[in-house]
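The values are calculated or read from the model by the stated rules, or taken from the named source; none is laboratory data. This one's a predicted model, so the numbers in the text were calculated from it and none came from an experiment. Ideal geometry is used to build each Cβ from the backbone, glycine not excepted, and the neighbour counts take in all protein chains shown. For the accessible areas, the whole protein counts, side chains as well, though only heavy atoms, and no ligand, DNA or RNA atoms are used. Shrake-Rupley method; radii C 1.70, N 1.55, O 1.52, S 1.80 Å.
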Amino acid sequence: MNAISIAWITPASLMPLLFLPSLPGPLFLLFIAVMAVVLLQSSYRLFWIMAWSGLIFCWGVTVARQQLQQIEELTIRPVNALVRVTTTENSRQRIRVSIVRTGQQIRFPVLSAWIPAGDSVADFCVGQRWEMRLRLRAVHSQLNEGGYDQQRQALATYTPLQGKILWKVPLTTECSLRQQIIQRVQSEIGLMESRGILQALLFGLRDGVSPWVSQLFRDTGVAHLMAISGMHIGLAGGVGWWLAV
């Protein structure tokens, strides 16, 4: 079994999670895992594919159950949490925080939540750690067939929560190294007309791109080039730095 085969088997094995009305229980997963271990003893390629498919499916369901369990625990009542700021959006006046710990319990997998910050969004910086009391709720989506499924997107990006801050205390106020670089670049290109596009290309930050420019990119079908070109610029810059030193 080579890496290419695993690359094909993995998405195919996880695809049932898109259609299952409910997640299988622990006993069913245990049965699949035992059967997979038995099939791995065989030398037939088909049995190996079936075994790896079963194990990958069990892994996917286990991760999904962990995520849903955490959502339920975090939304029952307000929680005191140690959080790390991962994103700030000045235009929408909101931040995204990763919930590292609640009380004395370390959270795994680490889930994130979008929190409205209002005018105080400037007080936050990516990389900071805060002690917060949060009232959280799960992200919901409309049931229109064929429409954008916000809930599925939230679960896929481990950001299934939203809520508000009841109180907050800063623990570390220093920004991350990446954010410090971004702030320095922003100060250099602050007067440029295309600063929003430059930020998107260099750092993947689309917050500074005006709505009409975003719409223009969508209409012309080049919106995806923002991420791709940014990656290429990063690779070229990294190779250039490596050659220079």
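Here are some conditions: (1) in contact (Cβ under 8 Å) with a residue 12 or more places away in the chain; (2) open to solvent by 50 Å² or more (accessible area, probe 1.4 Å); (3) outside any strand (DSSP E or B). L74 meets all but one. Which one does it not meet?
Looking at each condition in turn, L74 falls short on (2).
Which pairs do you get when a residue that is in contact (Cβ under 8 Å) with a residue 40 or more places away in the chain, found in segment 103-118, comes within reach of a residue that is open to solvent by 50 Å² or more (accessible area, probe 1.4 Å) and of a type outside the set (S, T, Y), reach meaning Cβ atoms under 6 angstrom, with the pair 6+ apart or on two chains?
From residues that are in contact (Cβ under 8 Å) with a residue 40 or more places away in the chain, the pairs are S112/R96; A113/Q162; W114/R94; W114/R96; W114/Q162; P116/R94; A117/Q93; A117/R94.
Output the number of the condition that T173 fails; it satisfies all remaining conditions of (1) out of contact with any Phe, Trp or Tyr (no Cβ under 8 Å at 6 or more places or on another chain); (2) open to solvent by less than 30 Å² (accessible area, probe 1.4 Å).
Of (1) out of contact with any Phe, Trp or Tyr (no Cβ under 8 Å at 6 or more places or on another chain); (2) open to solvent by less than 30 Å² (accessible area, probe 1.4 Å), only one is false for T173: (2).
Output yes when any residue across segment 77-88 is in contact with a Cys (Cβ under 8 Å, 6 or more places away or on another chain) and not hydrophobic (A, V, I, L, M, F, W, C), and no when none is. Give the derivation first.
We begin by selecting, within segment 77-88, every residue in contact with a Cys (Cβ under 8 Å, 6 or more places away or on another chain); these are 85, 88.
From what's left, not hydrophobic (A, V, I, L, M, F, W, C): 88.
The answer is yes, given that some residue of segment 77-88 is in contact with a Cys (Cβ under 8 Å, 6 or more places away or on another chain) and not hydrophobic (A, V, I, L, M, F, W, C).
Test V85 against the stated conditions and say whether it is open to solvent by less than 90 Å² (accessible area, probe 1.4 Å) and over 21 Å from K168 (Cβ atoms). Steps first, please.
Working: open to solvent by less than 90 Å² (accessible area, probe 1.4 Å): yes; over 21 Å from K168 (Cβ atoms): no.
No.
Determine the pairs where a residue that is closer than 23 Å to A113 by Cβ and among the aliphatic types (A, V, I, L, M), located within segment 55-70, has a partner that is open to solvent by less than 20 Å² (accessible area, probe 1.4 Å) and modelled with pLDDT under 90 with Cβ atoms under 8 Å apart, the partner being 6 or more residues away or on another chain.
V63/P109
Pull out all pairs, ordered by first then second residue, where Cβ-Cβ is under 7 Å, the residues are six or more apart or on different chains, the first lies in segment 16-38 and is free of Cβ contacts under 8 Å to residues at least 24 places away in the same chain, and the second is in a helix (DSSP H, G or I).
Taking only residues 6 or more apart or on different chains, the pairs are M35/G54; A36/A51; A36/G54; A36/L55.
It is to be established whether one or more residues within segment 184-197 are free of Cβ contacts under 8 Å to residues at least 60 places away in the same chain, over 25 Å from L68 (Cβ atoms), assigned to a loop (DSSP other than H, G, I, E, B) and in contact with a Cys (Cβ under 9 Å, 6 or more places away or on another chain).
Initially, segment 184-197 is screened for residues free of Cβ contacts under 8 Å to residues at least 60 places away in the same chain, giving 184-197.
Those left that are additionally over 25 Å from L68 (Cβ atoms): 184-197.
If we keep only those that are assigned to a loop (DSSP other than H, G, I, E, B) as well, we get 189-194.
When the remaining residues are screened for being in contact with a Cys (Cβ under 9 Å, 6 or more places away or on another chain), the result is none.
Looking through segment 184-197, none of the residues is free of Cβ contacts under 8 Å to residues at least 60 places away in the same chain, over 25 Å from L68 (Cβ atoms), assigned to a loop (DSSP other than H, G, I, E, B) and in contact with a Cys (Cβ under 9 Å, 6 or more places away or on another chain).
Do you know which of the residues in segment 15-66 that are part of a helix (DSSP H, G or I) and of a type in the set (F, W, Y) is nearest to the chain's Cα centre (by Cα)? Show your work before the answer.
Let us first name the residues in segment 15-66 that are part of a helix (DSSP H, G or I), namely 15-18, 26-39, 45-66.
Still in the list and also of a type in the set (F, W, Y): 28, 31, 47-48, 52, 57, 59.
On the way: F28: 29, F31: 31, F47: 34, W48: 32, W52: 26, F57: 21, W59: 18 Å.
Ranking the qualifying residues of segment 15-66, first place goes to W59.
Check segment 61-73 and report whether any residue there is at pLDDT 95 or above, within 27 Å of S176 (Cβ to Cβ) and polar (S, T, N, Q).
The answer is no; no qualifying residue exists.
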